[in-house]
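Let me begin by presenting the structure, written as structure tokens, before commenting on it.
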Amino acid sequence: MAESNFVDYVKIYCRSGKGGRGSTHMRRAKYVPNGGPDGGDGGRGGHVILRGNRNYWTLLHLRYDRHIMAGHGESGSKNRSFGKDGEDKVIEVPCGTVVYNAETGEYICDVTEHGQEVILLKGGRGGLGNWHFKTATRQAPRFAQPGEPMQEMTVIMELKLLADVGLVGFPNAGKSTLLSAVSSAKPKIANYPFTTMEPNLGIVSYREGKSFVMADIPGIIEGASEGRGLGLRFLRHIERNSLLLFMVPADSDDITKEYNILLNELKNFNPEMLDKQRVLAITKCDMLDQELMDEIEPTLPQDVPHVFISAISGLGINVLKDILWEELNKESNKIEGKIESIAHRPKDMSHLKEELADEGEDEDLSIEYVDEDDIEDLEDFEYEEEDWEDDKQ
């Protein structure tokens, strides 16, 4: 089976550049006795920078470029010439990317806007040349500062989809069918039971050219917050949604019970999700008549708006759009105000091996590099061509 192009989880090794060393040059020119020190400063090492790019939808481009290294700063030279700064390395990421330290699980940064730049690792400062250390009593200093060392870190990048409405429900609740009915998205739909394997986004058209974004994630099962099924891996995609649309089939034994199970899974995963506005949709209602709907309605949760819908016959779809649009445009429910208020918890590293095993990324990404400045005798140092090719890969 072909591997999916939707990649929302990568682990990469990043390294900034080291600063160039300062020069200890002494000026020597004809007819200039006692020229004095004129060694220039070293250049700054390159930064590793994250930049939000709305043209990217996944982290697929980083799966095959998992060693990000910025350039080193050059050393200073004579005539107080500064060394060249190392080249910055810019990593383009989709909006909604969260970065964690792969060793400790600590939250590092969050990129949510197009063009937003975050310096992930700073390059080392260049060392000062010897002309900075000239004094009245030390007119010929023969020393200079070395450049600051580089920084390195292995990071985990997670993509959390930015959408207005997130669909929450058990497998086969009709989430993908609804998304295909109200938008141009084409998720897989069939007449046999299965669950979506990757999130899908669709733009839902509303009146007068207005629209909003709807996200469909794989079905949640009881115990998903503890790692069962696919729920733990994809629950993070609805953390950024402004509104949650719970979907329960009309043929369920107890609609309220299923709704409470879903709500409890979200609470266990992230208690802040309970602060989001919720709407309940009872799906597959083309099999019900008005009398049955009237009997079911008193048993439904009274604390959330509810609507009976059928994506096949179109029953209640326009009513559902009206409810969603009204809830989305409440002042207390704007997604712009909620992005910055998200509290990113440290990543639970106990699940790291399982997630990386699913992606085939459980190998060690760290690389040891040899600095020529630290080698006393380069003639005794041999670097095999095969090893060099391996490091480049």
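The values are calculated or read from the model by the stated rules, or taken from the named source; none is laboratory data. As the structure is a computational prediction, the values presented were derived from the model and not from experiment. No Cβ is skipped: glycine too gets one built from the backbone with ideal geometry, and neighbour counts run over all protein chains shown.
Computed quantities for the displayed model
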quantity	calculated
Selection status of Leu315, assigned by TED's automatic domain parsing to the domain that holds Val213, under 16 Å from Tyr206 (Cβ atoms) and either modelled with pLDDT of 85 or more or in a loop (DSSP other than H, G, I, E, B) (or both)	no
Lone qualifier among Met287, Met273 - being buried (at least 17 other Cβ atoms within 10 Å of the Cβ) and assigned by TED's automatic domain parsing to the domain that holds Ile220	Met273
Leading residue by the ranking (farthest from the chain's Cα centre (by Cα)) among those in the range 290-311 that are surrounded by fewer than 14 Cβ atoms within 10 Å (Cβ to Cβ) and in a loop (DSSP other than H, G, I, E, B)	Gln302
Residues being of a type outside the set (Asp, Glu), part of a helix (DSSP H, G or I) and either within 25 Å of Leu328 (Cα to Cα) or not assigned by TED's automatic domain parsing to the domain that holds Gly219 (or both) - total across the range 248-270	12
In the range 133-174, the residues that are part of a strand (DSSP E or B) and either under 20 Å from Asp8 (Cα atoms) or outside the structural domain of Ile220 (by TED's automatic domain parsing) (or both)	Glu152, Met153, Thr154, Val155, Ile156, Met157, Glu158, Leu159, Val165, Gly166, Leu167, Val168
